[in-house]
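Since the structure comes first, as structure tokens, the remarks are kept for the end.
The values are calculated or read from the model by the stated rules, or taken from the named source; none is laboratory data. These numbers were taken from a predicted model, which means no experiment stands behind them. Cβ sites come from the backbone with ideal geometry, for glycine too, and all protein chains shown count toward neighbours.
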Amino acid sequence: MKKFLILGSLLLVVAIALSGCAKKSPVAKKLSLDEAKAKTEKFINTYLMQSGSKVKVTDISVFNKTIYKVKVDTGSGETIDSFVTADGVEFMPQALNMDDIANKATATDTNSGQTGTASEVKTKTDKPAIELFVMSYCPYGTQIEKGMLPVLEALGNKIDFQLKFVDYAMHGEKELTENLTQYCIQKDAPAKLASYLKCFLAEGKSSYCLKNDGLNVDKCVKATDTAYKVSTNYQDKNTWKGNYPSFDINKTDNEKYSVGGSPTLIINGEEVKSGRDPQSLLQTVCSAFKTAPKECEAKLSSDTPSSGFGFNTAANSGSTADCGQ
């Protein structure tokens, strides 16, 4: 359900999902795949989307004897697996993994004694190493990046921050291109990475943001693309990781930390779960110092950034939603 928030009104989606789970009507007349695909797309765009926004059902297949599986392209770089009964009567936005949800709820209860949603890093160093793994178009990766930017501004060179990338891309060829762009900015002009990200995370306008910061990374992008065979591997599905094209620039670190999705936050070599608001992230990062500097006393916003692009705020400070297989 977490990924289906993009499709519109949460309350309406929940109501439909619950009704679909509660009722198990017999299949009166089985629709063809094409009929079910067209009906599902029309239903979502008519009743679930905000005015002016539309999705596209890009694929439909048989899930079992009574249910079809559909892939819904939200138009924002994310594809969601949803389900519809073969008679076209009931639509289920997304399957929920009950064990996964229960485990995450248990973990939240276990950590309820902590201040806010910050976490304590076990390994302490004089200059904490922060490695943030994302997919550049993952709405939850952009969410934590927006929360991290004020932390980078507050702590400056007191920490060693590295933006890294998950070794596969779930949001198409444009994500591979943007990953390369951000990698090269960090490599060639690290001092401008935060400024570029602040611009990019507002509306996703990469070309504008590059020009705005006076950046030209074309040479680096081309060389890196060639060295890691990013475009070549995109054309060869034998190199893909499951259903998604590989992105091997940080592959070694992905394997080292068993990175599964975006975002994954590693501090001093330890995977850490934290709220994605600036204050929680500051407290989490500062817990990794042997002796916290005065900058850790900064009071940052406790509002959780919204997922996706735009500097709005979310309704809660959840830290479990991600883009991952």
All conditions in (1) without any contact (Cβ under 8 Å) to a residue 12 or more places away in the chain; (2) farther than 30 Å from residue 75 by Cα are true of residue 313 except (2)
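Condition check ((1) at pLDDT below 95; (2) under 13 Å from the mean Cα position of the chain (by Cα)) across all residues:
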site: 93; (1), (2): yes, no
site: 96; (1), (2): yes, no
site: 115; (1), (2): yes, no
site: 120; (1), (2): yes, no
site: 130; (1), (2): no, no
site: 141; (1), (2): no, yes
site: 150; (1), (2): no, no
site: 153; (1), (2): no, no
site: 157; (1), (2): no, no
Subset of region 227-247, residues within 18 Å of the chain's Cα centre (by Cα) and of a type outside the set (Gly, Ala, Ser), comes to 241, 243, 244, 245, 247
- Item | Any chance residue 195 is of a type outside the set (D, E, K, R) and free of Cβ contacts under 8 Å to residues at least 24 places away in the same chain | yes
Sole miss for residue 171 among (1) under 19 Å from residue 127 (Cβ atoms); (2) buried (at least 21 other Cβ atoms within 10 Å of the Cβ) is condition (1)
Exactly one of 242, 214 is in contact with a strand residue (DSSP E or B) (Cβ under 9 Å, 6 or more places away or on another chain) and either outside the structural domain of residue 150 (by TED's automatic domain parsing) or surrounded by fewer than 16 Cβ atoms within 10 Å (Cβ to Cβ) (or both), and that one is 242
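Which of the helices (runs of 4 or more DSSP H) found entirely inside region 177-289 contain at least 1 residues meeting this: modelled with pLDDT of 95 or more, under 29 Å from residue 157 (Cβ atoms) and of a type in the set (A, V, I, L, M, F, W, C)?
Details: elements: 193-203, 206-212, 218-228, 230-235, 251-257, 278-286.
By residue number, 193-203, 206-212, 218-228, 278-286.
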Of the residues in region 120-165, those that are assigned to a strand (DSSP E or B), closer than 20 Å to residue 321 by Cβ and of a type in the set (Ser, Thr, Tyr) come to none
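From 147, 156, grab the single residue that is of a type outside the set (Lys, Arg), assigned by TED's automatic domain parsing to the domain that holds residue 288, in contact (Cβ under 8 Å) with a residue 40 or more places away in the chain and farther than 20 Å from residue 203 by Cβ.
Result: 156 is the single residue among 147, 156 that is of a type outside the set (Lys, Arg), assigned by TED's automatic domain parsing to the domain that holds residue 288, in contact (Cβ under 8 Å) with a residue 40 or more places away in the chain and farther than 20 Å from residue 203 by Cβ.
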Of (1) in contact with a helix residue (DSSP H, G or I) (Cβ under 9 Å, 6 or more places away or on another chain); (2) surrounded by 22 or more Cβ atoms within 10 Å (Cβ to Cβ), residue 156 fails just (2)
Subset of region 30-85, residues of a type in the set (Val, Ile, Thr) and in a loop (DSSP other than H, G, I, E, B), comes to 55, 66, 74
Expected single match for touching a Ser or Thr at 6+ places or on another chain (Cβ under 8 Å) and closer than 29 Å to residue 325 by Cα among 239, 224, 252 is 239
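Yes or no: residue 299 assigned to a loop (DSSP other than H, G, I, E, B), at pLDDT 95 or above and surrounded by fewer than 20 Cβ atoms within 10 Å (Cβ to Cβ)? Explain how you work it out, then say what you get.
Numbers: assigned to a loop (DSSP other than H, G, I, E, B): yes; at pLDDT 95 or above: yes; surrounded by fewer than 20 Cβ atoms within 10 Å (Cβ to Cβ): yes.
For residue 299, the condition - assigned to a loop (DSSP other than H, G, I, E, B), at pLDDT 95 or above and surrounded by fewer than 20 Cβ atoms within 10 Å (Cβ to Cβ) - is met.
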Discussion item. Just checking, does region 271-292 include any residue being within 14 Å of residue 123 (Cα to Cα), surrounded by 14 or more Cβ atoms within 10 Å (Cβ to Cβ), touching a Phe, Trp or Tyr at 6+ places or on another chain (Cβ under 9 Å) and charged (D, E, K, R)?
Written reply: yes
